[in-house]
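Some notes on the structure that comes next.
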Amino acid sequence: MTGFDPNTSFSLKDKVIIVTGGGTGIGKVYSQRMAEGGAKVVLADIAAEASDKHAADIRAAGHQAISIPTDISDEKAVQEMADKVIAEWRRIDGLVNNASMMSVLERRDWWKIDVAEWDRVMEVNLRGIFVCCRAVYPHMKAQGGGRIVNISSGRFWTGSPNRLHYSTSKAGVLGLTRSLASELGDDNIGVNSITPGFTLSETQLATSSSNYVTGRDQGRCFKRPQTPDDLVGAVMFLLSDASSFITGQALNVDGGQAFH
Ligand SMILES: NC(=O)c1ccc[n+]([C@@H]2O[C@H](COP(=O)([O-])OP(=O)(O)OC[C@H]3O[C@@H](n4cnc5c(N)ncnc54)[C@H](O)[C@@H]3O)[C@@H](O)[C@H]2O)c1
């Protein structure tokens, strides 16, 4: 059993954290803030150029980050990514399964989604998480523990229309989180998820019409736009020792839109 230290238990200092999709959008903010907090951050994003640049910017600011461009739907690439992390930093303390196909998906009626696109979304958004968890598992187990945070979506609570494949994949993330948590408890590995509300990431802004964005704050207790920084605290908490007895949970971060 570990004790609680108010000076260190919330800290990620020197923890090795992988952030999939850590080079753009919300993941870019997670990786930056964690590095600013002293973590050794791995950006595992398919967007190689953006990811390499972001890692270089973090290093230039005096923090620790490496970019290992990875397609999480490619099992071999994910294994190679984990191997490189171990070669570089010898351990893996945390995994944030943030990468997903979202902003690249057109919003359209469910029956206009073709099967190939449905399959690709499941391949990345669900199978990708499974493959990433499997790649880090032996290392976390050997170290005596670790923390996994899966990024789901508030769509699970609200049943939002359009992007049915995406919504379904994010519901699957919650099921995966619960069942994996129950399998990993004996290895002292915590597995939790967060469900963000509509968040103005750079990619969301670039792909959403102003009509779609307007008025989305009104259903919240806090009637203002949600930004990536609104999610950082929840993710860092679930990676930290301060949350070490929390597992299998879904933490809703949406300014009080859905009550869970
Ligand atoms: N922005 C929102 O409103 C919102 C709301 C709820 C949940 N989320 C979730 O939060 C996370 C980040 O959201 P975002 O707004 O930055 O989304 P986004 O679609 O802009 O970014 C996803 C990230 O994943 C990466 N990626 C995509 N496919 C990949 C693959 N095969 N392998 C590795 N990386 C891949 C992208 O390059 C990008 O960096 C996603 O999981 C998203 O589903 C976002």
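The values are calculated or read from the model by the stated rules, or taken from the named source; none is laboratory data. Computed from a predicted model, the values in this text were never measured in an experiment. No Cβ is skipped: glycine too gets one built from the backbone with ideal geometry, and neighbour counts run over all protein chains shown.
Couple of notes before you dig in:
- Candidate set: the range 38-61, residues that are surrounded by 19 or more Cβ atoms within 10 Å (Cβ to Cβ) and in a loop (DSSP other than H, G, I, E, B); chosen: the one farthest from the ligand (Cβ to nearest atom): A39
- Restricting the range 28-37 to residues that are part of a helix (DSSP H, G or I) and more than 9 Å from the ligand (Cβ to nearest atom), the residue that is surrounded by the most Cβ atoms within 10 Å (Cβ to Cβ): S31
- Of all residues in the range 10-27 being over 9 Å from the mean Cα position of the chain (by Cα) and near the ligand (Cβ under 7 Å from one of its atoms), the one that is surrounded by the fewest Cβ atoms within 10 Å (Cβ to Cβ): T24
- Across the range 76-88, the qualifying residues are those that are more than 16 Å from the chain's Cα centre (by Cα) and within 10 Å of the ligand (Cβ to nearest atom), and the one among them that is surrounded by the fewest Cβ atoms within 10 Å (Cβ to Cβ) is A77.
- When residues of the range 62-75 are limited to those that are assigned to a loop (DSSP other than H, G, I, E, B) and within 12 Å of the ligand (Cβ to nearest atom), the one nearest to the chain's Cα centre (by Cα): I72
- A99 on the phi < 0 side of the Ramachandran plot and surrounded by fewer than 19 Cβ atoms within 10 Å (Cβ to Cβ): no
- Subset of the range 200-243 (residues that are within 14 Å of the ligand (Cβ to nearest atom), at pLDDT below 95 and not in a loop (DSSP other than H, G, I, E, B)): E202, T203, Q204, L205, A206, T207, Y212, V213
- Test: residue in the range 236-247 that is closer than 18 Å to T20 by Cα, touching a strand residue (DSSP E or B) at 6+ places or on another chain (Cβ under 6 Å) and buried (at least 18 other Cβ atoms within 10 Å of the Cβ): yes
- Unmet requirement for E106, which otherwise passes all of (1) crowded, with 16+ Cβ neighbours inside 10 Å; (2) within 15 Å of the ligand (Cβ to nearest atom); (3) farther than 16 Å from P196 by Cα; (4) of a type in the set (D, E, K, R): (1)
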